[in-house]
Amino acid sequence: MTLSKREDTRINNKLPVAWEGLPFITVWSILTCLFLYFGLLLLGIFTGVVSLFTIYFFRDPKRENQVHEKSVLTPADGKILNIQRLKDSNNPLYKPAIKVSIFMSIFNVHVNRVPIDGRILKIIYNPGKFFSANMDKASEQNENNRIILETNDGRKIVFVQIAGLIARRIVCWIKEGTEVQAGQRFGLIRFGSRLDIYLPDDTKLLIQTKNKVKAGKTILGYLS
C-alpha cells in the first residue's frame, strides 16, 4: 500500500522536531512573544520555558544504524521496564514468546522506529484506559496500537504503542501492506508512555531490565 505524502513526510522527516509538535511549539512561542511585548515578564518567562520544553519533547534526531542480519532494534527510547518469557499462547504471537516492555518518560525522544526489515501485516487500534505506563496492567487495559510485522524470512514480531497516564495521543504513520526498514520512523506517542515488543521465544536477547535504550540504535537481540 502506498503511503500518503503526509505520512511519507513524517517518516522521512528532515526537521529537528517531529511535525506533530509544530502546532504546540507555534502556540507557546506566539504566547511568549505576546506576553513579552506587553510587558508581562513572568508570564513570558513561563510560556518561554514551556516552549523550550515542547521543542525538547518533540525533538527528532537523525540516527544512523548498522543493521546486522536478524538483529532486532529497539523501537523506542527509554528504559527496559520488564522482560517476560511467555510460555503459553496467550499473547499477540499466539505461541511462546518473549515480551520486552520499554518505558518512555517525558524526557525521552518519543518518535518510534521499526525494529526490523519486513512487511506490515496488520495494525490494530484498541481504545482503552490511561493507567500509568509503568504499571503492568497498562499493557492490557490502556489505549494501544498493535502492529504485526512479518520479517523477510517469514518470522512474525509484534510491537505495541501504549498510551500512558498523561499520553493521550498515539500516532502511527505506516499502513498495512507497506514494506518497512529497520530504524525507519513509524510513529510517536505524546507525553510519556510505553512500547511493548513480542519476539519469538528463541530470540537471543542482548539487553537486561533497567537498561537504557535508543530507538533504531540499540540492538535488543537476534532472531535465531
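For region 7-22, give me each residue that is of a type in the set (A, V, I, L, M) and without any contact (Cβ under 8 Å) to a residue 40 or more places away in the chain. Reasoning before the result, please.
Let us first name the residues in region 7-22 that are of a type in the set (A, V, I, L, M), namely 11, 15, 17-18, 22.
Selection gives Leu22 alone.
Could you list, in sequence order, all residues of region 45-95 that are closer than 22 Å to Ile116 by Cβ and in a strand (DSSP E or B)?
Ser71, Val72, Leu73, Gly78, Lys79, Ile80, Leu81, Asn82, Ile83, Gln84, Arg85, Leu86
Could you tell me whether Val109 is in a strand (DSSP E or B) and closer than 26 Å to Trp173 by Cβ? Write out each step before concluding.
On the way: in a strand (DSSP E or B): no; closer than 26 Å to Trp173 by Cβ: yes.
No; evaluated as a whole, the condition is false for this residue.
Spot the failing condition for Ile148; the list is (1) surrounded by 23 or more Cβ atoms within 10 Å (Cβ to Cβ); (2) assigned to a strand (DSSP E or B); (3) modelled with pLDDT of 95 or more, and only one is missed.
(1)
Given the conditions (1) more than 18 Å from Leu195 (Cα to Cα); (2) among the aliphatic types (A, V, I, L, M); (3) not in a loop (DSSP other than H, G, I, E, B), which single one is not true for Val100?
Against the list (1) more than 18 Å from Leu195 (Cα to Cα); (2) among the aliphatic types (A, V, I, L, M); (3) not in a loop (DSSP other than H, G, I, E, B), Val100 comes up short only on (1).
Give me a count of the residues in region 8-44 that are part of a helix (DSSP H, G or I), under 18 Å from the mean Cα position of the chain (by Cα) and surrounded by 17 or more Cβ atoms within 10 Å (Cβ to Cβ).
Counting residues in region 8-44 that are part of a helix (DSSP H, G or I), under 18 Å from the mean Cα position of the chain (by Cα) and surrounded by 17 or more Cβ atoms within 10 Å (Cβ to Cβ) gives 4.
Taking region 189-220, which residues are part of a strand (DSSP E or B), surrounded by 20 or more Cβ atoms within 10 Å (Cβ to Cβ) and out of contact with any helix residue (DSSP H, G or I) (no Cβ under 8 Å at 6 or more places or on another chain)?
Ile189, Ser193, Leu195, Ile197, Tyr198, Leu199, Val213, Leu220
Please go through region 162-179 and give me each residue that is out of contact with any helix residue (DSSP H, G or I) (no Cβ under 7 Å at 6 or more places or on another chain), crowded, with 21+ Cβ neighbours inside 10 Å and at pLDDT 95 or above, ordered by number.
Of everything in region 162-179, just one residue is out of contact with any helix residue (DSSP H, G or I) (no Cβ under 7 Å at 6 or more places or on another chain), crowded, with 21+ Cβ neighbours inside 10 Å and at pLDDT 95 or above, namely Ile174.
Kindly indicate which of Ile30, Ile25 is outside the structural domain of Ile197 (by TED's automatic domain parsing), more than 23 Å from Leu199 (Cα to Cα) and touching a residue at least 24 places away in the same chain (Cβ under 8 Å).
Only one candidate passes the filter, namely Ile25.
Among all residue pairs at least 6 apart or on different chains, which show Cβ distances below 7 Å where the first residue, located in region 80-101, is under 19 Å from Ser224 (Cβ atoms) and assigned by TED's automatic domain parsing to the domain that holds Ile148 and the second is surrounded by 15 or more Cβ atoms within 10 Å (Cβ to Cβ) and of a type in the set (Gly, Ala, Ser)?
Leu86/Ala97; Asn91/Ala97
Might you let me know whether region 187-199 holds any residue that is more than 12 Å from the chain's Cα centre (by Cα) and more than 28 Å from Thr54 (Cβ to Cβ)?
The answer is yes; a qualifying residue exists.
The values are calculated or read from the model by the stated rules, or taken from the named source; none is laboratory data. All figures in this text were calculated on a predicted structure; none of them were measured in a lab. Counting neighbours? That spans all protein chains shown, and the Cβs are built from the backbone with ideal geometry, glycine included.
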